[in-house]
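Everything below concerns the one structure shown next.
What follows is calculated from the coordinates using simple rules that are stated; it is not laboratory data. Because the structure is a prediction, the values reported are computed rather than measured. Neighbour counts are summed over all protein chains in view; Cβ atoms, including those assigned to glycine, are modelled from backbone coordinates with ideal geometry.
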Amino acid sequence: MTSGTRPCPLCRKDAVKVGNKFWPLCSERCHLVDLGKWLGEEYRVSGESDEQAADAVASVIDADLVGADRS
Ligand SMILES: [Zn+2]
């Protein structure tokens, strides 16, 4: 049994648990894709256009990257 790795739910590559703040995703890239996916769904449900949803996702991603730099 291997400990500390698991297939990434998005890209199926091995995701390392130790030292990975994006766990269970393998990387920041997959983390952002995942974030965009559920934000997009939420905005579609509330009746916003895809364009508006994309803007909202982009602003959240910007904020997330700024936060990551501080840590
Ligand atoms: Zn991944």
Suppose each label sits 7 Å from its Cα in the direction of the beta carbon; what would the Trp38-Arg6 distance come out to in nanometres?
1.4
At 7 Å along Cα-to-Cβ for each site, give me the label-to-label distance between Asp14 and Ser59 in nm.
4.1
What is the local net charge at Phe22, summed over the other residues whose Cβ is closer than 10 Å to its Cβ (Lys, Arg +1; Asp, Glu -1)?
0
